[in-house]
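Here's the structure, in structure tokens; my notes come after.
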Amino acid sequence: MGRGLAALAAAVCGLLLQAPAQAAAPHPSWSWEARPAGTDARFRGLAAVSRSTAWVAGTKGTVLLTRDGGRRWRTVSPPGAGGLEFRDVKAFDARHAVVLAIGEGEASRILRTDDAGRTWTEAFRNTDPKAFYDCMTFFDHRHGIALGDPVDGRFRVLGTGDGGRSWHVLPSAGMPSALPGEAAFAASGQCVASSGRHDAWIATGGGAVSRVLHSTDRGRTWTASATPVPAGDPARGVFALAFRDRTHGLAVGGDYRAGQPSPHAAAASGDGGTTWAAAALPPAAYRSGAAWLPHSRTTAVAVGPTGSDLTTDGGRSWHGFDTGSYDTVACAPDGGCWAAGEKGRIARLGRSGR
């Protein structure tokens with residue numbers, strides 16, 4: 001569904017007309033603290049390295065890097081990338097990062113830097129006109145996968161074993177057949193997630209049901225499970241996944257179109273994605289990104305164009321704490337959580353009294 005989301009920027013602007021986010025957060029001291037970037041780019045790619053270091057990637061080939069907690073942002077965009085739409089960035093530290101651009105045919109590309117964006121090397125350019133890549137994840141500093149929409153009835157997956165310097169198409173024999181209309185959403189860089197050195201999960205929508213596909217061998221073979229997040233339409237399904245370990249996961253999504261309700265927009269799994277339970281109190285509207293707060297077994301945050309929500313019970317209930325527009329969210333091991341979205345919006349999660 002990356003193709004449908006190429007037009008998402010215009011559609012979701014109207015989402016601000018939907019019902020406001022749920023009030024009365026259980027911890028009202030949480031808030032997003034703006035870290036202005038001085039650009040109007042829309043950032044759907046975000047990599048949180050630490051409280052001080054983060055990368056963002058977005059429209060017009062824009063890539064930014066901060067090393068001082070967002071007080072200053074340095075433009076590190078690849079030369080000649082102005083026509084590319086970056087939807088994901090994964091960073092290993094302040095010097096090494098990989099970005100993914102979406103689009104039909106050769107517009108889907110992956111680039112890597114080893115010197116904090118001073119130079120970039122093109123690691124992959126899609127030559128299959130039927131392929132469209134949406135997001136990527138890494139298991140460690142060497143091994144990763146990138147997810148593409150179905151080609152010939154199966155999701156297309158790329159693999160790397162050298163930190164993203166080179167990529168190859170993985171065999172499709174272990175991939176279940178895609179449902180009619182099923183695809184992934186290039187909305188936040190979180191349509192594929194990983195935990196540990198071998199486990200990965202794919203989020204889908206558009207088909208009769210939304211599904212999560214799970215691999216325990218770095219993308220060679222997959223099993224599929226249905227989720228209670230509504231699908232059945234190209235605009236509906238699971239948009240983002242977050243796993244805090246190989247057992248406990250969150251799924252968020254809904255309907256990204258303006259004015260459309262998004263009931264049951266979140267679900268949780270306690271068995272590695274084999275089964276999913278709908279949140280008893282879900283977010284009030286469509287959410288495109290989610291992340292677990294580091295060192296917590298129960299607390300996570302979800303973001304979307306109409307606001308942000310917090311769960312403190314592992315995804316059973318969500319409570320709104322901010323009404324700003326963000327598309328993606330990520331947390332670093334040291335506790336630094338970042339969000340990014342339209343019109344250059346970037347923020348870091350803060351808590352009063354700390």
Exercise for the section: Only one of these is among the aliphatic types (A, V, I, L, M) and buried (at least 24 other Cβ atoms within 10 Å of the Cβ): A302, A277. Name it. Expected result: A302
Practice task
Would you check which residues across the stretch 338-352 are of a type in the set (G, A, S), under 15 Å from the mean Cα position of the chain (by Cα) and assigned to a strand (DSSP E or B) and list them?
Solution key: A339, A340
Exercise for the section: With the condition kept exactly as written, say whether any residue in the stretch 114-133 is within 30 Å of R220 (Cα to Cα) and under 15 Å from the mean Cα position of the chain (by Cα). Expected result: yes
Fill in the blank from the handout: Exactly one of A178, A183 is in contact with a Pro (Cβ under 8 Å, 6 or more places away or on another chain) and in contact (Cβ under 8 Å) with a residue 60 or more places away in the chain, and that one is A183
Exercise for the section: Could you list, in sequence order, all residues of the stretch 271-289 that are in a strand (DSSP E or B) and over 16 Å from R236 (Cβ atoms)? Expected result: A277, L281, G289
Practice task
Confirm whether S262 is crowded, with 21+ Cβ neighbours inside 10 Å, touching a residue at least 12 places away in the same chain (Cβ under 8 Å) and closer than 27 Å to R142 by Cα.
Solution key: no
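Every read-out reported here was derived from the displayed coordinates using simple, explicitly stated rules and does not represent laboratory data. Here the structure is a predicted model, which means the values were calculated and not measured. All Cβ positions, even for glycine, are placed from backbone atoms using ideal geometry, and neighbour counts span all protein chains on display.
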